[in-house]
Amino acid sequence: MDDILIIYGTESGNAQMVAETLQGDFEARGHAVEIMEQWDAAQADWPSRQVVLICCATHGMGDLPSNIQPMFDELDETRPDLSNLRYGVVALGDQTYFDTFCKAGQVLDDLFDRLGATRVGERLEIDACTQPLPDEEAQKWAVEWVELL
Ligand SMILES: Cc1cc2nc3c(=O)[nH]c(=O)nc-3n(C[C@H](O)[C@H](O)[C@H](O)COP(=O)(O)O)c2cc1C
C-alpha cells in the first residue's frame with residue numbers, strides 16, 4: 001500500500017472537504033494518508049514521497065488559492081527533481097469562468113509534470129455549476145485512480 005500525501009488549495013472549503021473525504025476513503029483501503037493544509041517544506045519532504053494527490057480550487061481570474069500559492073512559488077523557483085513522484089489532480093472550478101475553468105488545477109498539473117513527476121490517470125475537473133457535491137464526484141473518480149497506483 002502506498003503512502004499518499006494530499007495537498008489542497010482552497011478559499012471557501014470545498015477542496016478541503018474533498019481532501020478530507022478522500023483521506024477517509026484511502027485510509028479505509030489501507031493507505032497511510034497525510035494532508036498538507038499550508039505549504040511546509042519539511043512535511044512535503046519530496047524525496048521520501050511516492051504519491052501525491054492535489055485537490056485545488058481556482059479563484060480570482062484563474063488564480064491559485066492563497067494557501068497553496070507558496071508551494072507553487074517555491075517549486076517553480078527551486079525546480080526540485082520530482083521524478084520519484086506519481087501524482088493525481090482533482091481540480092475544482094466553475095464553468096461560468098469560461099476562460100479560466102479549473103485553471104489552478106491545470107497549472108499545478110503542468111508544474112508537477114515539468115518537475116518530472118508522473119501523473120496517474122486523467123485530471124478530474126469538477127464544475128460547481130453542475131455539481132453541488134464535489135466530494136461525491138471526487139470519490140467516484142478516486143476509486144479508479146487509487147487502483148492505478
Ligand atoms: C471570487 C471567485 C472567483 C472564482 N474564479 C474561478 C475561476 O477563475 N475559474 C474557475 O474554474 N472557478 C472559479 N471559481 C469557482 C471556484 O473554484 C469553485 O466555487 C470552487 O468549488 C471553490 O472551491 P473552494 O471552496 O475550495 O475554494 C471562483 C469562485 C469565486 C468565489
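Scanning the chain for long hydrophobic helices, with DSSP H runs required to stretch 15 angstrom or more by C-alpha along their axis and to average at least -0.5 on the Kyte-Doolittle scale, returns 14-28. As a rough guide to protection, the peptides 36-48, 133-145 ranked by mean Cβ packing within 10 Å, highest first, stand as 133-145, 36-48. How high is the relative contact order of the chain? Use alpha-carbon pairs under 8 Å, at least six apart in sequence, and give a whole percent. Answer for the chain is 25 percent. For the chain, a Gaussian network of Cα nodes joined below 10 Å ranks 125, 34, 77 by mean-square fluctuation, and the top entry is 77.
Only helical runs count toward this figure. For the chain, summing -39,500 (n - 2.57) over DSSP H runs of n ≥ 4 and dividing by all residues gives -11500 deg cm²/dmol at 222 nm. Secondary structure note: in the chain, about 5% of the DSSP beta bridges are antiparallel. Going by a ≥ b ≥ c, the root eigenvalues of the Cα gyration tensor, does the stretch 9-149 fall in the rounded group (a/c under 1.5), the prolate group (a/b larger than b/c) or the oblate group? Here the stretch 9-149 falls in the oblate category. Other residues within the sphere of radius under 11 Å centred on the Cβ of residue 124, judged by their own Cβ, net out at -4 (K and R +1, D and E -1). Applying 1/(1 + (r/R0)^6) with r as the Cβ-Cβ distance of residue 66 and residue 122 and R0 = 22 angstrom yields a FRET efficiency of 0.20. Secondary structure note: in the stretch 41-92, about 10% of the DSSP beta bridges are antiparallel. Can you give the net charge of the other residues whose Cβ lies under 12 Å from the Cβ of residue 45, counting K and R as +1 and D and E as -1? Residues near residue 45 contribute -2 overall.
Coordinate-derived values only; no laboratory data. Since we're looking at a predicted model, the values are computed, not measured. Cβ: placed from backbone, ideal geometry, glycine included. Neighbour counts: every protein chain shown.
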